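Worksheet: one structure, shown below.
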Amino acid sequence: MRQARLGPRGGAALWAGKLTALMSRALHVGGGTTLPGDVSRWVDRRILTKLAAGLDGGSIVVSGTNGKTTTSALIRHILDSQGRPAIANQAGANLIFGVTAALVDRASWSGALPASIGVFEIDEASLPLLVTETGPRVIVVTNLFRDQLDRYGELETTAAHLRRALTQGPEGVTAVLNADDPMVAALGEDLPRVTYAGVEAPELLQPQLSHGADAKFCPRCGSPFIFEGVYFGHVGHYRCPRGDFERPTPEIAVTALEIDGIDEMRLTVRAGSESAAVRVPLSGLYNVYNVVLALAATRAIGVPLREAAGTLGNFAPAFGRLEKVAVEGRPAVLLLGKNPTGFNEVLRTAIQFGKGRYFLLALNDRIADGQDVSWIWDVDFESLKGVAQHVVLTGDRALDLAVRLKYAEVPGDRIEVVTGWEEALSRAAQATPEGETLFILPTYTAMLELRAVLTRQGTLTPYWR
Ligand SMILES: [Zn+2]
């Protein structure tokens, strides 16, 4: 137990937050993942700083567009296996209030913390404030893609938030950056301590940028990059033709990889003269990055590469991220897709690695999903053509998906629009023959709705437990 020094005001803030959490749990209002943070901060705006100071092992924060939840979960898994359990915020509660709520929740009524280290996932726009308030030891940036434009504006604005956070980090902070994402790599210039992580598997580079690709231009001179190829989106091997910017050589890299369906992938990871074999129950190239970034982050706080790598065999995927469930007895996989690149990658994982032929696609346009659904035109739904045997479409904007799939030339007799979450799950399961897996690809709030149904049916436990 570590005691945070809270003072009278901080103590009051902690109690106010903990009481709020108790009440929201008693009233079943969403598990209280952020409201206690709001209340605590209202009583003492320095409460997060005071509580975080009680973490004598410091904290690791993870930001970026995609992969935050899985990367954080991998880091926590490695630390757990080292006998160093971490305090972490709930997936999805990744604003400053969510981080505050996590510490308020885990602290005792007297302010003692049950762990010495924090692992926090945080939205890009909230990162500068989190860094100021908590002074982390490691900041991980996964990638930068166009997300919901109505929420954060342009990609350059997001990059500016990240740059500000990285330059104002405490002395000794290590930035762990994705070398293969040009906009993320550019953030590392002039920083005192940077570890670049990436993938060195040129045989897997694809020649063309998919239509979801964003960062095609040199951040120095604006010339279009020359891409040797991409692994996904704009993440790959690149250089500026004018020679003023190129992909940094990653210090820690995946040098070989084998993806075996959706159940397991095997990687070789190299860092200097060290190398380690990794088996991890994940799939998809985007998850290869989550793994190497997690290994780089834990290595930055002194966990040897081989030890960390050896723990990943029994990693359990985070909720909605390759999460396996049963729907009316049929095996099903939940694959969250929040933006064009994310959706492209889960679609590719389902088709290429999962050999998926039966799908449930669920599109919502609520605040957390992004209210403008035009991004579905940047998703490569053409890959379903000739593959999909049956596709159930549901959600607030199921009809937009139906139009999109029509343009993707998925035959109309294989598409079914079903209203109602329970009905959609049921219909999709019934349409999936024995021996096949149902692939469920929802946007964020659609995933929460579908999970709520599965929880009521007893196949899943609520995510806040
Ligand atoms: Zn240039």
- Query: region 117-145 to region 1-53: how many Å between their Cα centroids?
  - Reply: 20 Å
- Message: I need the phi-derived Karplus couplings for region 432-438: 6.51 cos²θ - 1.76 cosθ + 1.60, θ = phi - 60°, integer Hz, Gly and Pro marked x.
- Response: 8, x, 4, x, 9, 10, 8
- Task: Compute all pairwise cysteine Cβ distances in the chain, then list the cysteines with no distance under 4.7 Å to another cysteine.
- Result: Cys221
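How big is the convex hull of the Cα atoms of region 321-456, per residue, in Å³?
Working: hull volume 12.5 nm³, N = 136.
Residue-normalised Cα hull volume stands at 92 Å³.
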- Item | Built amide H within the under 5 Å cut-off of Tyr238, gap 5+ | Glu228, Arg247
- Once a ≥ b ≥ c are taken as the square roots of the eigenvalues of the Cα gyration tensor of the chain, is the result rounded (a/c under 1.5), prolate (a/b larger than b/c) or oblate (a/b not larger than b/c)? oblate
- Message: With both bridge residues required to lie in the chain, what share of the DSSP beta bridges run antiparallel, to the nearest 5%?
- Response: 45 percent
- With each label point set 7 Å from Cα along the Cα-Cβ vector, what nm distance links Ile226 and Ala256? 3.0 nm
- Query: What is the list of residues in region 252-271 whose amide nitrogen lies under 15 Å from a point 7 angstrom out from the Cα of Glu203, following Cα to Cβ?
  - Reply: 255-260, 266-268
- Could you go through region 8-15 in sequence order and give the Karplus-derived ³J(HN,Hα) for each residue, using 6.51 cos²θ - 1.76 cosθ + 1.60 with θ = phi - 60°, rounded to whole Hz, and x for Gly and Pro? x, 5, x, x, 5, 5, 4, 4
- Note on the structure: Which residues qualify? For Val140, with a placed amide H closer than 5 Å and at least 5 residues away or on another chain, they are Val61, Val62, Ser63, Val176
- Do the alpha carbons of any pairs in Lys68/Lys324; Lys355/Lys406; Lys216/Lys385 sit beyond 26 Å of each other, and which pairs? Lys216/Lys385
- Query: For region 274-311 and region 95-112, what is the separation of their Cα centres, given in Å?
  - Reply: 28 Å
- For the residue pair Val43 and Ser273, what label-to-label distance in nm results when each label sits 7 Å from Cα along the Cα-to-beta-carbon direction? 5.5 nm
- Between Leu129 and Arg266, 0.36 nm times their residue separation minus their Cα-Cα distance comes to what? 45.6 nm
- Note on the structure: Taking a crude spin-label model, label points 7 Å out from Cα along the C-beta direction, the Arg84 to Arg2 distance in nm is 1.0 nm
- Excluding residues fewer than 8 places away in the same chain, name every one of the lysines whose C-alpha is closer than 19 Å to that of Lys18. Lys50
- Message: Quick one: 3J(HN,Hα) in Hz for region 193-201, Karplus 6.51/-1.76/1.60 with θ = phi - 60°, rounded, Gly and Pro as x.
- Response: 10, 10, 10, 8, 10, x, 10, 10, 9
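Which FRET efficiency value, to the nearest 0.05, is calculated for Glu434 and Ile367 with the Förster distance at 35 angstrom and r the Cβ-Cβ distance?
Values: r = 39 Å, r/R0 = 1.13.
The computed FRET efficiency comes out at 0.35.
A short reminder: the numbers here are calculations on the coordinates, not readings from a lab. Note that this is a predicted model, so its numbers are computed, not measured. For neighbour counting, all protein chains shown are included, and Cβ atoms are generated from backbone atoms with ideal geometry for every residue, glycine included.
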